[in-house]
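A.B. asks: The structure under discussion is supplied below as structure tokens; questions concerning it will follow.
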Amino acid sequence: MRLTDIASQAQVSEATVSRVLNGKAGVAAGTRHRVLAAMDLLGYERPVRLKRRSNGLVGLLIPELTNPIFPAFAQVIEQALAGHGYTPVLCTQTPGGATEDELVEQLEERGVTGIVFLSGLHADATADPARYQRLAARGVPFVMVNGFNEHVQAPFVSPDDRAAAEMAVRHLEELGHRRIGLAIGPTRYVPSARKEQGFLAARPGADAEGLVQRTLFTVEGGHAAGIALLERGCTGVVCASDMMALGVIRAARERGLRVPEDVSVVGFDDSPLIAFTDPPLTTVRQPVRAMATAAVGALLEAVAGTPVQRTEYVFQPELVVRGSTGPG
């Protein structure tokens, strides 16, 4: 083990690395974490004295791993939990696999300290919120990300989906587009419903309702929506996810249309690698790190016994202009 390599990776002195390795006092928690992270990245095994006991298990329930925005959230949430000494347990739903309720039951059987729900049934307006009321009654702290339900007493963390749709529309309008469509998922999901509200608010009297295409949050769903919206003469399309936007671009190219010369497309999420698509995708960035950090903070407050109000923390998204939008 080379102290100089660890010090360089962690951007601290060799003396600081030595103090951490020897378990000496006087090292800030953040600095200690950087040194341990550097050791992990360099492939060094931690000395036995540095191996901490876990403060407990925290479940993270996500709907899938194929959409890169979910692994992005999972990574930040797991880093934040680990930084506070908790062991994250990632639970992914798959078609034909365990349901959300079954995963929660399995986590409870293992004495889980708390649960983070990401885009779960809490985001589905048709789902029975009683499952979360029962979970709260059993004393399990939890927090919800991306979705809101007024019948659930818990902290919620969301992006401003209405503002996201509005800023995407404004961007296309400023480029000169007059016939703008919206590709979203089923509106029983709160984020979709809110994006539709924002879109319609930004396009009053523009035949906007007839240019909303409700489909699936996938490349295939975006492709289907793109075909329908392009047939209706749209020169600009706002999408509810980056994956859907890629599907719209594919639909445009199948019709011999160029992006952005003939059709402009705006995504949502700014998921990893999306800046490297062809063309690089203009999108509305979901503030993943800020949202994930807030979710973990709210959960740990509840774990500590602090009374938590039913509050929705709403984070502002950011328009990131790249190469998929141009003059209309």
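A.B. asks: Looking at L81, L60, L65, which one is part of a loop (DSSP other than H, G, I, E, B) and under 21 Å from the mean Cα position of the chain (by Cα)? Before you say what the answer is, go through the steps one by one.
C.D. replies: Working: L81 fails: part of a loop (DSSP other than H, G, I, E, B); L60 fails: part of a loop (DSSP other than H, G, I, E, B).
After ruling out the rest, the residue left standing is L65.
A.B. asks: If you don't mind, another one. State whether the residues of the stretch 133-147 include one that is farther than 22 Å from T306 by Cβ and open to solvent by less than 10 Å² (accessible area, probe 1.4 Å).
C.D. replies: yes
For every residue, the table says whether it meets (1) crowded, with 21+ Cβ neighbours inside 10 Å; (2) among the small types (G, A, S); (3) modelled with pLDDT under 95.
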site: T92; (1), (2), (3): no, no, yes
site: A98; (1), (2), (3): no, yes, yes
site: H151; (1), (2), (3): no, no, yes
site: L175; (1), (2), (3): no, no, no
site: I180; (1), (2), (3): yes, no, no
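A.B. asks: Which residue out of V35, V27, V76 is outside any loop (DSSP other than H, G, I, E, B), in contact with a Ser or Thr (Cβ under 9 Å, 6 or more places away or on another chain), modelled with pLDDT under 90 and open to solvent by less than 60 Å² (accessible area, probe 1.4 Å)? Steps first, please.
C.D. replies: Working: V27 fails: outside any loop (DSSP other than H, G, I, E, B); V76 fails: modelled with pLDDT under 90.
Testing whether each residue is outside any loop (DSSP other than H, G, I, E, B), in contact with a Ser or Thr (Cβ under 9 Å, 6 or more places away or on another chain), modelled with pLDDT under 90 and open to solvent by less than 60 Å² (accessible area, probe 1.4 Å) leaves just V35.
A.B. asks: So which residues in the stretch 231-243 are under 17 Å from H177 (Cβ atoms), open to solvent by 10 Å² or more (accessible area, probe 1.4 Å) and either in contact (Cβ under 8 Å) with a residue 40 or more places away in the chain or part of a loop (DSSP other than H, G, I, E, B) (or both)?
C.D. replies: Within the stretch 231-243, R232, G233, T235 meet the criteria.
A.B. asks: Take T277 and decide whether it is more than 30 Å from V89 (Cβ to Cβ) and modelled with pLDDT of 95 or more.
C.D. replies: On the way: more than 30 Å from V89 (Cβ to Cβ): yes; modelled with pLDDT of 95 or more: no.
No; evaluated as a whole, the condition is false for this residue.
A.B. asks: Could you list, in sequence order, the residues of the stretch 141-179 that are under 20 Å from Y313 (Cβ atoms) and β-branched (V, I, T)?
C.D. replies: V143, V145, V152, V157
A.B. asks: Scan (1) among the hydrophobic types (A, V, I, L, M, F, W, C); (2) within 30 Å of G59 (Cβ to Cβ); (3) open to solvent by less than 40 Å² (accessible area, probe 1.4 Å) for the single condition A208 breaks and write down its number.
C.D. replies: (2)
A.B. asks: Having 2 or more residues that are surrounded by 24 or more Cβ atoms within 10 Å (Cβ to Cβ), in contact (Cβ under 8 Å) with a residue 12 or more places away in the chain and within 19 Å of the chain's Cα centre (by Cα) is the bar; report the strands (runs of 3 or more DSSP E) wholly within the stretch 244-328 that clear it. Talk me through it step by step, then tell me what you get.
C.D. replies: On the way: elements: 264-269, 282-285, 312-315, 318-320.
In the stretch 244-328, the matching strands (runs of 3 or more DSSP E) lie at 264-269, 282-285.
A.B. asks: How many of the residues making up the stretch 181-229 are more than 20 Å from R162 (Cβ to Cβ), of a type outside the set (G, A, S), within 19 Å of the chain's Cα centre (by Cα) and part of a helix (DSSP H, G or I)?
C.D. replies: The qualifying residues number 1.
The values are calculated or read from the model by the stated rules, or taken from the named source; none is laboratory data. In this text, all values refer to a predicted model and were calculated from it rather than measured experimentally. Note: ideal-geometry Cβ built from the backbone for every residue, glycine included; neighbour counts use all protein chains shown. Please note that ligands, DNA and RNA were not included when accessible areas were found on the heavy atoms of the full protein model with its side chains. Shrake-Rupley method; radii C 1.70, N 1.55, O 1.52, S 1.80 Å.
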